[in-house]
Amino acid sequence: MVVLRILFLRVLWALITLFAVSFIIFTAIEILPGDIAARVLGRYATEEMKAEFRRMRGLDRPMLVRYGEWLSGVVRGDFGDSLVSEFNVGEVVLPKLRNTLLLALYAFILYIPFSIILGSLSAVFREGVLDTVLSSLTLIGLSIPEFVMGTLLAFIFGVVLGAFPVVVAINVARSFGEAVQMMTLPAVTLAIAMAVYAIRMLRDNLIEVLESDYVRMAILKGVPMYLVVLRHALPNALVPALNVTALNLAYLIGGVVVVEKVFAFPGIGTQLIDSVFLRDAPVVEACALIISAVYIVANLFADVMTILLNPRLRTAK
């Protein structure tokens with residue numbers, strides 16, 4: 001019962017947070033500088049044309065009324081129509097969201113073995129040359145922003161070596177292999193940005209586990225080191241790293257915005273930036289709310305996993 005009560009409170013707080021975020025998003029778009037009517041109709045539009053555009057789109061009504069109608073539509077899964085293209089927002093956003101999720105999945109698949117292997121090597125050979133090199137590289141990775149890392153990878157592997165395309169036109173990929181090749185550079189950029197945190201945390205946790213009595217006993221019995229790490233040390237060291245992994249899942253959907261723009265990737269991040277420039281409020285609201293929802297759900301997942309894996313939290317009153 002204690003666990004259910006805690007989970008219920010976490011879910012309730014996540015819903016309240018999402019509601020607050022939806023209001024902040026809607027309000028922030030309202031106060032953006034510029035006139036959406038002038039942006040859509042062009043510089044030669046008359047005031048009468050602008051007024052008619054606002055009336056037809058319902059932009060002349062009070063903000064709270066429009067927010068209530070928009071929120072009720074969102075609950076039903078309807079984000080409205082784009083002010084620029086007049087297409088349904090779902091038709092505009094969902095294909096871009098699919099591309100972003102594919103890119104995030106690819107990056108996460110690269111992130112898991114990358115983090116585990118390098119973190120384990122750094123812990124096993126701690127204070128050695130390999131550990132020093134890996135620690136230095138992770139510190140460098142922590143200090144380099146994603147757009148700089150993406151630009152460097154694009155220049156080295158795209159321009160100099162020509163191994164991967166710099167502009168990711170995934171919509172015109174003719175095969176699965178070609179799509180994977182196109183997504184490699186942005187996926188590697190995201191994987192590196194996530195892994196540098198996980199590697200350092202896994203290294204510290206694994207060193208602590210390797211110094212425990214039961215691991216030392218396994219080593220004294222002659223168990224090979226790779227089996228000691230895989231069977232005894234690594235499973236226990238991975239538990240504290242779950243929170244970092246959950247937060248990295250949240251980062252994926254938010255950090256992908258910058259990376260998508262660097263590689264001109266047709267995802268939800270690029271769509272969000274373009275829609276902000278065009279003042280296409282319904283599309284901006286949908287993209288921002290989806291990104292926020294994924295971030296909130298990822299944090300909720302981290303809280304739930306922490307509660308389920310920590311006996312003290314499960315029995316707390």
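Since every read-out is calculated from the coordinates, none of them should be taken as a lab result. The structure presented is a predicted model; accordingly, all values stated were derived computationally and were not measured. All Cβ positions, even for glycine, are placed from backbone atoms using ideal geometry, and neighbour counts span all protein chains on display.
Could you give the DSSP H helices of the chain that reach 30 angstrom or more along their long axis (alpha carbon positions) and whose average Kyte-Doolittle hydropathy is no lower than -0.5? Counting only whole DSSP H runs, the qualifying helices are 2-30, 89-124, 176-210, 281-309. Annotation: peptides 16-27, 286-297, ranked by per-residue average of other Cβ atoms within 10 Å with the highest first, follow the order 286-297, 16-27. Packing, as the average of other Cβ atoms within 10 Å across residues, places the peptides 275-281, 155-161 in the order 275-281, 155-161, highest first.
Projected onto the charge dipole of the chain (+1 at Lys/Arg Cβ, -1 at Asp/Glu Cβ, origin at the Cα centre), which of LEU9, VAL65, PHE155 gives the Cα projection farthest towards the positive end? Projecting each Cα onto the dipole axis, the largest value belongs to LEU9. Sort out for me the Cα centre separation of segment 149-189 from segment 49-110, rounded to whole Å. One Cα centre to the other: 29 Å.
Roughly how big is the chain's charge dipole about its Cα centre, with Cβ charges of +1 (Lys, Arg) and -1 (Asp, Glu), in debye to the nearest 20?
With only Lys, Arg, Asp and Glu charged at Cβ, the dipole is about 760 debye.
From its DSSP helices (H runs of at least four residues, each -39,500 (n - 2.57)), the chain gives a residue-normalised ellipticity at 222 nm of -24500 deg cm²/dmol.
Computed over the chain, relative contact order equals 28 percent, with contacts defined as Cα pairs under 8 Å that lie 6+ residues apart.
With the Cα gyration tensor of the chain giving a ≥ b ≥ c as the square roots of its eigenvalues, does the rule (a/c under 1.5 for rounded; else a/b larger than b/c for prolate; else oblate) give rounded, prolate or oblate? Here the chain falls in the oblate category. Take the Cα of ASN88, step 7 Å toward its Cβ, do the same at ARG43, and the gap between the two points is 3.7 nm.
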